1. For the stretch 4-18, state whether one or more residues are surrounded by fewer than 16 Cβ atoms within 10 Å (Cβ to Cβ), at pLDDT below 75 and of a type in the set (Asp, Glu).
2. Pairs needed: first member in the stretch 70-88, without any contact (Cβ under 8 Å) to a residue 24 or more places away in the chain; second member anywhere, part of a helix (DSSP H, G or I) and not β-branched (Val, Ile, Thr); C-beta distance under 7 Å; at least 6 residues apart or different chains.
3. Only residues that are modelled with pLDDT of 70 or more and open to solvent by 50 Å² or more (accessible area, probe 1.4 Å): list them for the stretch 32-55, please.
Amino acid sequence: MDTAPADDEVAADYLSAALVPRPSNWLRAGLDALLGSGVLNMYDVEVRRLDTQALVLRIPTDASMASHLLGKIELEMETLTVSAFLESWRPMQR
């Protein structure tokens, strides 16, 4: 980051999180249409820097857990420092 966060500053001062629909291929779109719209929807939770909008993390999730995961990430961004937040979530993006 251009300005290094102080030890007591929370990640939410430097990062933002958002749900982003994952692009689907024709097979997934066809199956989703047969099963009922929204069944196979997949999402990514993207965490980006506020200053440059550079992607920091991308964590895949499905429709049933997307809002829960986003809420958990946002809560941790409000309570953890940038380094503690990244340390806890980077292993999850694999």
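1. There is at least one residue in the stretch 4-18 that is surrounded by fewer than 16 Cβ atoms within 10 Å (Cβ to Cβ), at pLDDT below 75 and of a type in the set (Asp, Glu).
2. Correct list of pairs: 88/76.
3. 34, 42, 43, 48, 50, 51, 52, 53, 55 - these are the residues of the stretch 32-55 that are modelled with pLDDT of 70 or more and open to solvent by 50 Å² or more (accessible area, probe 1.4 Å).
The values are calculated or read from the model by the stated rules, or taken from the named source; none is laboratory data. Since the structure is predicted, the reported quantities are computational estimates derived from the model, not experimental observations. Note that each Cβ is placed from the backbone with ideal geometry, even for glycine, and that neighbours are counted across all protein chains shown. Note: areas computed on protein heavy atoms with side chains; ligands, DNA, RNA excluded. Shrake-Rupley method; radii C 1.70, N 1.55, O 1.52, S 1.80 Å.
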